[in-house]
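Accompanying notes for the structure given below.
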Amino acid sequence: TTIGESGMWGALTVQYGSNSHETDGDKTNLTIGSVHIGYNFNPEAKVAPYVAGSLGMMNHAYKSESFPSAEGSESFLAYSAGVGLILRKSERTAFWAEARYMTGSKDGSSTGFVPISVGVSINLSGN
């Protein structure tokens, strides 16, 4: 949601990703909940770039049919920074695409990745 007229915006997100490993039956699942804040460089333009950052929690779960004793799950602080582009179709609807670097760490171990996302924003408030 846009914060005033300045181009600042905020959002709450939940993301889920799953990655199969080379060993059959082994899988890593990531679940992330975060608060995003961003700045749209030209909020009135039809096409506008933006920057964004987030802070939240990441759960990293490993499951293995081959090595069940290695299975586990842990949660830790996650943060990201990224860039994107908004294509405004109307006052209420916009398409967007972004790339960000997201990472999380705990006790010296970390997980990092680059999600590339696309989506549609719909302003339900009419403002």
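Give me the lysines in straight-line cross-link reach of Lys46: C-alpha distance below 21 Å, same-chain residues under 8 apart excluded.
In chain and number order, the partners are Lys89.
Can you spot the lysines whose alpha carbon is less than 17 Å from Lys106's alpha carbon? Ignore those fewer than 8 places along the same chain.
Reachable lysines: none.
Taking K and R as +1 and D and E as -1, what net charge do the other residues with C-beta under 10 Å from the C-beta of Phe76 add up to?
Residues close to Phe76 contribute a combined charge of -1.
Treating only the Cβ atoms of Lys and Arg (+1) and Asp and Glu (-1) as charged, compute the dipole magnitude of segment 56-127 about its Cα centre; round to the nearest 20 debye.
Rounded to the nearest 20 debye, it is 400 debye.
Report in % the part of the accessible area of segment 1-91 that belongs to carbon and sulfur, leaving out ligands and nucleic acids; probe 1.4 Å.
Solvent-exposed carbon and sulfur of segment 1-91 make up 59 percent of the total.
Could you report the chain's accessible area per residue, 1.4 Å probe, as an integer in Å²?
Here the residues of the chain average 64 Å² of exposed surface.
With a 1.4 Å probe and all protein chains kept in place, how do Met58, Met8 rank by accessible area, largest first?
Met8, Met58
For Lys63, which aspartates and glutamates qualify as cross-link partners when the Cα separation must be under 15 Å and same-chain residues fewer than eight apart are set aside?
Answer for Lys63, where 15 Å is the Cα cut-off: Glu22, Asp24, Asp26, Glu71, Glu74, listed by chain and number.
Assuming 1.567 mPa s and 4 °C, estimate D for the chain with Stokes-Einstein, Rh taken as the Kirkwood radius over Cα pairs, in µm²/s.
Rounded to a whole number, D works out at 80 µm²/s.
Multiply the residue gap between Ile122 and Thr31 by 0.36 nm, knock off their C-alpha separation, and tell me the result in nm, one decimal place.
Using 0.36 nm per residue and subtracting the Cα-Cα distance, I get 30.3 nm.
The values are calculated or read from the model by the stated rules, or taken from the named source; none is laboratory data. All figures in this text were calculated on a predicted structure; none of them were measured in a lab. No Cβ is skipped: glycine too gets one built from the backbone with ideal geometry, and neighbour counts run over all protein chains shown. Quick note on the areas: whole protein, heavy atoms, side chains included, nothing else; ligands and nucleic acids left out. Shrake-Rupley method; radii C 1.70, N 1.55, O 1.52, S 1.80 Å.
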